[in-house]
Amino acid sequence: MSENTTDTSTLCLFDVDGTLTAARQERGSRNKKTSGEKGEAPGPEWEWLGGSDPVRSKSSWEKMDGGPVLGLETSWMDNHTVGIGTFIEFRNGMLNVSPIGRSCTLEERREFYELDQKEKIREKFVSVLKEEFKGKGLSFSIGGQISFDVFPDGWDKRYCLDIVEKDNYSTIHFFGDKTKPGGNDYEIFSDPRTVGHEVSCPEDTLRLCEELFFS
């Protein structure tokens, strides 16, 4: 693409952790340049959808059929957490659950991720919750290095596609690293409305963007 040409018919959506930046760290200057020129997708807290929307508030969880989700999670985590800190975090539109706790250090994060790759801690946790809350309208997806998300069915990353539909983009690219079934990028990556790109790290994202849009 020519440096002097602006393509307004193409939209690029990016996952953040593991795609634009290493988990919970800032983007490098080269990635800022690329994502800024092509359009950066929302982060995991969904602030971009309107954080004041009461439909996606804490109260909506408490009113769901079957009561709060926290009961089983808390009792299960009493025996299965491996750290100390914030294990359950309310976000806009979801609960974020971390067996090690979100207050862990970067080194503890890396150690937990390596352990999780071997022992499948999050995968086992999600399996228990899926069985317990079967038919309750909840979805579970693993993302990042230390946590997984719990949210109502349909409130995954595809939600943004309905919002941008009115803009009539001819092509929508999505870049993410958790694109396998069970990962929190899977639904939007495999959606027929997007051209999905699986990446392994921010450097991989930069390389692919330069090949697609700047060569």
Handout entry: Accessible area of segment 103-163 divided out per residue, in Å², using a probe of 1.4 angstrom
Key = 53 Å²
Handout entry: Under-5 Å amide H pairs with G196, H placed in peptide plane, nonlocal only
Key = F174
Exercise for the section: Go through segment 149-156 residue by residue and turn each phi into a ³J(HN,Hα) via Karplus (6.51, -1.76, 1.60, θ = phi - 60°); whole Hz please, and just put x for glycine and proline. Expected result: 10, 10, 7, x, 3, x, 9, 7
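Work through the residues other than S98 whose Cβ is under 10 Å from its Cβ and net out their charges, Lys, Arg +1 and Asp, Glu -1.
Values: positive: R102, R109, R122; negative: E89.
With Lys, Arg at +1 and Asp, Glu at -1, the net is +2.
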Completion exercise
Per the C-alpha gyration tensor (a ≥ b ≥ c, the square roots of its eigenvalues), segment 76-215 is rounded if a/c is under 1.5, else prolate if a/b beats b/c, else oblate; here it's oblate
Exercise for the section: For segment 103-215, with all protein chains present and a 1.4 Å probe, just round the carbon and sulfur fraction of the accessible area to a whole percent. Expected result: 49 percent
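The values are calculated or read from the model by the stated rules, or taken from the named source; none is laboratory data. Worth saying up front: this structure is predicted, and the values here are computed from it rather than measured. Note: ideal-geometry Cβ built from the backbone for every residue, glycine included; neighbour counts use all protein chains shown. SASA here: full protein model, heavy atoms, side chains in, ligands and nucleic acids out. Shrake-Rupley method; radii C 1.70, N 1.55, O 1.52, S 1.80 Å.
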